[in-house]
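Engineer: Take this structure, written in C-alpha cells, and hold onto it; I'll ask about it next.
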Amino acid sequence: MSENAAGKRGARARAARYRSRERAKDFLCVAPALAFFLAFVYYPVVELFRIGFTNWNLIKDKYDYVGFKNWKWLFQGSGCEKLLASLRITFTYTFWEILITLAGGILLAALFNRESRAFSAMRSVLFMPRYIAISTSAIVFMWILNDQYGILNYVLKLFGAAPLAWLNSEKTALASVLVLTGWRVVGYGMMIYLSAMKGISPEYYEAAKIDGAGPFQRFRYITLPLLSPTTLFLFVTTFIASMKVFQSVDVMTGGGPYQSTNVTVFWIYELAFVDFRVDRAAVVSCLFFVILLASTAATMRISSKNVHYES
Amino acid sequence: MSSIRQAVAALALAALAAAGAGAQDAKKYEVKAPVKIQWWHALEAQYAPLVDKVVADFEKANPNIDVEAVYQGAYKDLNEKLIAAQAAGTTLPGLTVANTPLVAEYGASGLCEVLDPYIKATGFDVKDFGPGLTASTSYGGKQVSLPFLISTQIMFYNKDMADAEKIKLPETWAQMDEFMKKASKKAADGSAQRYATVIPGWDQWYFEPFYLNAGVSLVNKDMETTDLGGAKAVAVARKLKQWCDEKSAYWAYGKDASSVMRQNFIDGKTFSVIHTTSLYNMYADTCKFKVGMHYLPGDAKRDSEVGGSVLLIPAKNSQEVKNAAWKLLTYLTSKEVNMYWARGTGYMPTRESVTKTAEGQAFLKEKPAFKAVFDNIGHIYPRIQHPAYSAFAKIWMQEMAKVIIEGGDMEAAMKKAAVLLDEALQD
C-alpha cells in the first residue's frame, strides 16, 4: 500500500517536473520576443508616465519631479482647450477614414468581385496606392490641391466654378487630407472584403436563390452578416491607425491652417520638438494611450455581439 | 633705477608666464591621436560638391581627423535628431549646424560646449564676426556657437520691371503705401493682376522687422510679456492687412506657401517678394529677368535680423572629439572657407575682414545685388533669444494669418493674441 502510494507520489513528482520543464521550454521560446516587447514597448510606456511627472525638456540632463503639474495643465490649464480641440479633429478624421474604408471597401469589393484579367488589373490599380509612401503621395496631392497652381482648381475654373484654397482654408483642409487618405485606404478595404467574400460558401447563395431572394437581398442577408468578422477587423485596425495619423498632416498642412488639422499625434510632436515640452507631450501621450485602449476595448465589446461567424 | 629694472623684470616674467599658460591651454585642445568625427549639416544635394571639397581640404590639412559629413535633412529634421541623440547621449555628432533661433534653447539647456576657453587658448579671432553675429551665437554672455551660413531678410525685386516702370523701392515704412500702389496692378473687377509684394506669413521672422523697426517690443525686458497688443503693433498689423485687403500684397501662408511665392515671382505675378538673402542664387539662376535685392524699409529704425545657421559642438562629447570638432569648426568658419560658402550659395560673408575690405568689393563685383546687405551690415541684429520663442512665434503667426486671410478685427485679434503670447512666455 505504502509502496503504491510512494509510487504514485513519485509519478506525480515526475509529472510535475516534466510540466515545469515544458513550461520553462515554452518560456524560453517566447523569451526573446518578450524581452523585445519589454525593452521597446512596455518600458517606454512606463517611462512616458514617469516623464509626465517631471519638467524634462529632452535636452537638459537634470530635471525635477513636479508632481501633477503637467496633468493640471492638461485638465485645468491652457492644455485642456487644446486637448479637446485636437481630440475633436482626430475623432472627426477617424470617423471619415473608417467610413471610407468600410463603405468604400465593401462597395468596391461587390463591384470588382469578378474573375477576369481586366478586373484583376483594375483591382491592382485600386490597391496600389496603399504601397506608395505617404510622404511622396502627400506631396503630389499638395500640388493637385494647390490653390494657385493646382490641377483641381484649374479643372474647377474650366467648369466656371470658383477655385478653393483647399489646404489653406480651415473649412476644407481636413477634408483635403481625407482625400489623400481615401485614395490610399479604399483599395485596401476592397481587398480585405474581397478575400472574405471569396470565403463565403456559394451554397448559401444557391439556397437563397431557390428561395427567391434577389441580388440585394442576398447581399443584405448573406454577404453583409458573414462579412461582419472582417468588418470588425477592419474597424478596429483602421480606428487605431487613423487615430495615430501624423505623416499626411505633417507634410500637407503642418497642423494648420489655424490648427484646424492639429490632430493629437501631431500636437504631441509639436509639444516635444517645437515647444521643447516633452513633459507635456508625455502626459498627452499617456492620456491618448488610455483613450485608444478604452475605445478599442469598447469597440470590441460592442461589436462582438453583432459579429456572425460562418462556423 | 633698480626698482624700474625690477618692475620690468617682473612684467617680463608675468608676460612669459601668461604666454606659457596660453601655450599650455592651447595644448589642451590639440588633437593628439587619430580621431573620427561626424559633422551634421542641412546642406541639400545641390551643395554636396561644396561640402565634399571643404571636407577633403580639411582632412588633407589635418590628417589625424577623419570627418564624416552627414546630411540630416532640413533644420527641423536635424533638430529632432540632435535632441534625440542628446537625450540618448551616445550618437551625438562631433559638430553640428543649428538654425539660429535654436541657440537660446540649446544654450539654456547646456547642449552646447562653451567655446570661450577654446577661443582664448587658441587665439581664435571671434571679434572679426562683428558684434551682431557674435551676440547671435552667444547665450547668457557665453559663446556657445559660431556663425556659419548667415542670411537676413531682404526684398527681392524684378529689376527689369522696376527700371521699365520707374518703380521706386521704399526706404521707409511711410513710403510703402505709394510703393504698393505703383508696383501692383489690378484687373477691372478689382482682382490682382500683379502684386507689389508678398509677405511670408509662414515664418514670423520675415515680418518681424516691420514691428521691431516701428519700436514694438516683442519680448519685454521682464522676459514674460509682449507689447504686441499695443497701439504701435496694432498699427503695423493693420497696415499689413490693409495692403492684403487691397490686393496690393498677399499673405503667403501654409505648407507650400514658400514654393508658390517663389513661383509667383519667377512668373512675374508679383513685383517683389520678402525672403531670405540665402536664396539669392536660386532667384538669380531661375528668373529670366534681373533680380535686385532691396533692404527692408525702416521706420523709427531700419534694422534686420540674423537668419541661417550656426555651428556648435555638443558638450556631451569626449574631449578628444571636442578638440577635433573645434579644429573643424575653426576651419569651416575661417575667412577662406566662409568666402567659398558665400560664393557657392546665397549666404553672406560673415567676417568683417571680408565685408570691409577689398575682398568684399571683389565679392560685390560678382554679386552686385549684395550691396544692399553690405551697406546695412551694421544693422543686422541677433534674433530674439527666449527659450519659449518657438511657441510664441507659432501663436503669433497663426493669429496674424487668420485675421488677414479669413478677415476680422485686427485690434481685437492682436489683443487676444497678446494674452496667449504672454502666457507662452511665462510658461
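Engineer: Percent relative contact order of chain B, based on C-alpha pairs within less than 8 angstrom and at least six residues apart?
Structural biologist: Value for chain B: 24 percent.
Engineer: Report Rg/Rh for chain A, rounded to two decimals, where Rg is the Cα radius of gyration and Rh the Kirkwood radius. All intermediate terms of the calculation are to be shown ahead of the outcome.
Structural biologist: Details: Rg = 26.5 Å, Rh = 23.8 Å.
Here the Rg-to-Rh quotient is 1.11.
Engineer: Can you pull the percent of the range A:69-304's accessible area that's carbon plus sulfur, 1.4 Å probe, other chains left in place?
Structural biologist: The value for the range A:69-304 is 68 percent carbon and sulfur by accessible area.
Engineer: Report the local net charge at residue B:260: Lys and Arg +1, Asp and Glu -1, summed over other residues whose C-beta lies under 12 Å from its C-beta.
Structural biologist: 0
Engineer: Could you estimate the translational diffusion coefficient of the range A:233-274 from the Stokes-Einstein equation, with Rh from the Kirkwood formula over C-alpha pairs, at 20 °C and 1.002 mPa s, in whole µm²/s?
Structural biologist: The calculation lands on 199 µm²/s.
Engineer: What distance in nm separates the two pseudo spin-label positions at residue A:133 and residue B:163, each 7 Å out from Cα along the beta-carbon direction?
Structural biologist: Output for this residue pair reads 4.4 nm.
Engineer: Note the buried accessible area between B and A here, summed over both chains, with a 1.4 Å probe, in Å² to the nearest 100.
Structural biologist: Rounded to the nearest hundred, the buried surface is 2800 Å².
Engineer: Whole number in Å², please: accessible area per residue of the protein assembly as shown, 1.4 Å probe, ligands, DNA and RNA not counted.
Structural biologist: Each residue of the protein assembly as shown exposes 48 Å² on average to a 1.4 Å probe.
Engineer: A further question on this structure: Which distance in nm do the two modelled labels at residue B:375 and residue A:18 give, with both placed 7 Å along the Cα-to-Cβ direction?
Structural biologist: Those two pseudo-labels are separated by 9.8 nm.
Engineer: Using 1/(1 + (r/R0)^6) with R0 = 41 angstrom and r between the beta carbons of residue A:92 and residue A:203, what's the FRET efficiency to the nearest 0.05?
Structural biologist: The pair residue A:92/residue A:203 has a calculated efficiency of 0.45.
Engineer: Ok, one more. If chain B were replaced by its equivalent ellipsoid, with semi-axes equal to the square roots of 5 times the Cα gyration tensor eigenvalues, what would those be, largest first, whole Å?
Structural biologist: Taking √(5λ) for each Cα gyration eigenvalue gives 42, 24, 22 Å.
Engineer: Grab the beta carbon distance between residue A:140 and residue B:26, set R0 = 45 Å, and tell me the FRET efficiency rounded to 0.05.
Structural biologist: Step by step, r from the Cβ atoms, then E = 0.25.
Engineer: With the contact rule set at Cα under 8 Å and sequence spacing of 6 or more, what percent relative contact order holds for the range A:69-304?
Structural biologist: 29 percent
Engineer: Then there's this: Please give the average number of partner chain Cβ atoms lying within 10 Å of the Cβ of each residue in A:265-278, rounded to a whole number. Can you show the working numbers first?
Structural biologist: Values: counts 0, 0, 0, 0, 1, 3, 1, 2, 7, 7, 9, 11, 3, 2.
Across A:265-278, the average partner-chain Cβ count within 10 Å equals 3.
Engineer: So how much slack lies between residue B:177 and residue B:353, counting 0.36 nm per residue of separation and subtracting their Cα-Cα distance, in nm?
Structural biologist: Length difference between fully extended and current span is 59.5 nm.
Engineer: Averaged over its residues, how many other protein chain Cβ atoms are within 10 Å of peptide A:249-260's Cβ atoms?
Structural biologist: Whole-number average of other-chain Cβ neighbours for A:249-260 is 4.
Engineer: A further question follows. Taking R0 as 41 Å, what FRET efficiency do you get between residue B:246 and residue A:75 from their Cβ-Cβ distance, rounded to the nearest 0.05?
Structural biologist: 0.35
Engineer: If packing is taken as the average number of other Cβ atoms within 10 Å across a peptide's residues, how do B:391-403, B:71-83, A:54-66 rank, most packed first? Don't skip to the end; give the middle numbers.
Structural biologist: Numbers: B:391-403: 21.8, B:71-83: 17.4, A:54-66: 15.4.
Top to bottom by mean Cβ count within 10 Å: B:391-403, B:71-83, A:54-66.
Engineer: Could you tally the net charge around residue B:132, taking each other residue with its Cβ under 10 Å from the Cβ of residue B:132, Lys/Arg +1 and Asp/Glu -1?
Structural biologist: -2
Engineer: Could you give the Stokes-Einstein D for the range B:126-234 in µm² per second, using the C-alpha Kirkwood radius, 4 °C, 1.567 mPa s?
Structural biologist: 74 µm²/s
Engineer: Please pull out the direction-averaged projected area of the range A:1-51, using the convex hull of its alpha-carbon atoms, in nm² to one decimal place.
Structural biologist: 5.0 nm²
Engineer: Using label points projected 7 Å from each Cα along Cα→Cβ, tell me how many nm separate residue B:288 and residue B:52, to one decimal.
Structural biologist: With each label point 7 Å from Cα toward Cβ, the separation is 3.3 nm.
Engineer: Once you charge only the Cβ atoms, +1 for Lys and Arg and -1 for Asp and Glu, what is the size of the charge dipole of the protein assembly as shown about its Cα centre, to the nearest 20 debye?
Structural biologist: 1740 debye
Engineer: How much length is gained if the chain between residue B:423 and residue B:411 is pulled fully straight, taking 0.36 nm per residue apart and subtracting their Cα-Cα distance, in nm to one decimal?
Structural biologist: Additional length available on full extension: 2.5 nm.
Engineer: Equivalent-ellipsoid semi-axes (√(5λ), Cα gyration tensor) for the protein assembly as shown, whole Å, largest first?
Structural biologist: Sorted largest first and rounded, they come to 54, 40, 24 Å.
Engineer: Mind checking B:402-411 for the average number of partner chain beta-carbons within 10 Å of each residue's beta-carbon?
Structural biologist: Across B:402-411, the average partner-chain Cβ count within 10 Å equals 2.
Engineer: Rg over Rh of the range B:385-427, using C-alpha atoms and the Kirkwood radius, what does it come to?
Structural biologist: Rg/Rh: 1.01.
The values are calculated or read from the model by the stated rules, or taken from the named source; none is laboratory data. Note that the structure is predicted; figures quoted are calculated from it, not measured. Ideal geometry is used to build each Cβ from the backbone, glycine not excepted, and the neighbour counts take in all protein chains shown. Keep in mind that these areas ignore ligands, DNA and RNA; they rest on the heavy atoms of the full protein, side chains included. Shrake-Rupley method; radii C 1.70, N 1.55, O 1.52, S 1.80 Å.
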